[in-house]
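No value in this document is a laboratory result; all are computed from the given coordinates. From a predicted model like this one, the values you see are computed outputs, not experimental measurements. Virtual Cβ from ideal backbone geometry, glycine too; neighbours counted across all protein chains shown.
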Amino acid sequence: MNLVAATLSVDDLAIERAKAGDPNALEGLYRAYETTVYSLARRMCRTAEDAEDVLQETFFEVCRSIPRFRGAEGGSLTAWIKRIAASKALIKLRAGRYRDADSLDEEGGDLVPDAGQPDVGLQLDLEQALARLSDTSRAVVWMHDVEGYTHEEIAELMGKTVSFSKSQLARAHTRLKKLLGEELAT
């Protein structure tokens, strides 16, 4: 189900029923938004299993917090659910991060090694190039360039500064251009 259909299928009455704890309304929210949440989580997380965990954790949080959802005054339901999903994905990324000095590039940004990928004839598309970024860089690129989050929102979600978000995005764009340039050169 696409985002427009999800938004249209969840009316105010269903939201009120979900706030009251109606299991059918809560299931309806899940069904309406599961694809949107999974897609966001899959783009931010490295594995399908992590994305599935984020999907589950997001809807546990939605069910727990729906009584506090403020509707139009607090933003759309879609934006609220996506914000929870992004937050859960970032928590998942932080929990799984093990850094060592070898994983940092000369600019201080962490890179994912090209383990198991051949150097000759490497055919990269954008998705593969994104996969070669660090978890943090990929999350910032996805939230900013695709989801439309501002640097202020990204900084708040990540517990970092606005300049951190901006520098991660700039470094990630440079790295993506380099990776995609390698693709064009082969």
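Ranking Ala95, Ser65, Thr78 by how far each Cα lies toward the positive end of the dipole of the stretch 3-95 (charges on Cβ) leaves Ala95 at the top. 3J(HN,Hα) along the stretch 60-69: 4, 5, 4, 4, 6, 9, 4, x, 8, 5 Hz, from the Karplus curve 6.51 cos²θ - 1.76 cosθ + 1.60 with θ = phi - 60°, whole Hz, x for Gly and Pro. With a/c under 1.5 counting as rounded, go ahead and sort the stretch 7-55 into rounded, prolate or oblate using the C-alpha gyration tensor (a ≥ b ≥ c being the square roots of the eigenvalues; past the cut-off, prolate if a/b is larger than b/c, else oblate). Verdict is prolate for the stretch 7-55. Listing Phe59, Phe69 from fewest to most neighbouring C-beta atoms within 10 Å gives Phe69, Phe59.
Rounded to the nearest 0.05, what FRET efficiency do Arg31 and Ala79 have when you use their Cβ-Cβ distance and R0 = 22 Å?
Details: r = 19 Å, r/R0 = 0.85.
Computed FRET efficiency for Arg31 and Ala79 comes out at 0.75.
Ranked by how many other Cβ atoms sit within 10 Å of their own Cβ, fewest first, the residues Asp145, Asp50 fall in the order Asp145, Asp50. Past 25 Å, Cα to Cα, is the threshold; run Lys19/Lys88; Lys82/Lys177; Lys19/Lys92; Lys88/Lys177; Lys82/Lys178 against it and keep the listed order. Exceeds cut-off: Lys82/Lys177; Lys19/Lys92; Lys88/Lys177; Lys82/Lys178. Going from the fewest other Cβ atoms within 10 Å to the most, the residues Arg43, Arg31 appear in the order Arg31, Arg43.
Mind checking the dipole of the stretch 3-95: about its Cα centre, +1 per Lys or Arg Cβ, -1 per Asp or Glu Cβ, Debye to the nearest 20?
Value, rounded to 20: 380 debye.
Packing, taken as the mean count of other beta carbons within 10 Å per residue, orders the peptides 159-171, 13-25, 81-93 from highest to lowest as 81-93, 159-171, 13-25.
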